[in-house]
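Throughout, read-outs are computed from the coordinates displayed, never taken from laboratory work. In this text the structure is predicted, and so the values were computed from the model without any measurement. Cβ placement follows ideal geometry from the backbone for every residue including glycine, while neighbour counts extend to all protein chains displayed.
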Amino acid sequence: MNDTRTRNTRRSWGSSQQSSTLKERLTLWLNRDSTVGQIMVAPMVILLVTLVAYPFVLSLWLSLTNKTIGVPGVFVGLKNFIGQWQSQIFVQALRNTFVYTIITTIVKLILGFGLALFLNQEFRGRQFVRAALLLPWIVPTVLSTMAWLWMFDSNLSSINWVLRDLGLIEKNIPWLTQPTWALVSVMIVNIWRGIPFFGITILAGLQTIPQELYDAASIDGANRLGRLANVTIPLVRTIVYVVLVMSIIGTFSDLQVVYGLTGGGPANATQVLATLSYKAGLQSGMLGQGAAISMYMFPVLLLMVILEVRYMRRSAE
């Protein structure tokens, strides 16, 4: 009986000692600065793995197979990637993607920078104008696309009505039915949606520039253009670069504007890699080919990310 009590006492004492040790270790671990950082970062890591890493790996695997909806895929290597170059539609979509991205990004940069300079000036109603500037950016793409569909309509186009009323055109412009005009139309909508992002972001950078720098440049004899070139642009260069890269990434992979307005037509005139991938993978059910087409966007997007990271590190140093 005494032996049993002794063993129970020892077991209880050992258990309490282990519990005390675990509490001490847990307390020590929680008191570390690195632990707090790990806990704070953990939710984001989980989201990135779940919503970014896993879909990317799955898409990469699908691109190496002949997977179709309802049928198990077989590994085919780079066949899907090589086969795309035999398709004239893919070549046209690739060309359209670069043209669409380059032109719209340049125009958004120029107009956005000019708008930021204008909004940085003192004038009546400036706060209202700044707030209104955000509307194209915050309105859901589907809703804004529906509005532009009406404005581009062949028979009911309000844009054509205004242009005819001003005497600039004699007959309606086939905005969405003629290949060249269709590509111009989707560019117009993308520019309209992207200008606020450039304007507001660059404006935030302009407001951090001390007025004393402009005064010193004026004393040195610099005119308005000189102050812009020697003060404004160098001090907002980092912000402009970051916004530019982010815009390229978003425009290069844009699906909603193009698909909502034209669906890639007419005659694939506005077909881009994003719409072609969507049609091949989801509408036609050829998941392997759709994934391969989407993977062609990855090198460009990865390059943009690398350039931005390197530039930010260089700026920090």
When a footprinting reagent is the concern and you count Cβ atoms within 10 Å, what order do Glu308, Glu212 take, fewest first? Glu212, Glu308
Note the direction-averaged projected area, equal to a quarter of the hull surface, for the Cα convex hull of the chain, in nm². 30.4
If you take the C-alpha gyration tensor of the stretch 223-296, multiply each eigenvalue by 5 and take the square root, what semi-axes do you get, largest first, in whole Å? 39, 14, 7
How high is the relative contact order of the chain, in percent, with contacts defined as C-alpha pairs under 8 Å that are six or more residues apart? 25
Cα centroid distance between the stretch 258-305 and the stretch 164-224, in Å? 28
Scattering profile of the stretch 260-315 from the Debye formula, Cα beads only, expressed as log10 I(q)/I(0) at q = 0.19, 0.30 Å⁻¹, is -0.71, -1.07
Tell me the Kirkwood radius of the stretch 56-117: reciprocal of the mean inverse pair distance over distinct alpha-carbon atoms, in Å. 14.7
Efficiency of FRET between Tyr241 and Thr50 - r from beta-carbon atoms, R0 45 angstrom, step 0.05: 0.90
Starting from the alpha-carbon convex hull of the stretch 76-215, give the projected area averaged over all orientations, in nm². 13.8
Sorted on mean Cβ neighbours within 10 Å (highest first), peptides 186-192, 201-207 come out as 186-192, 201-207
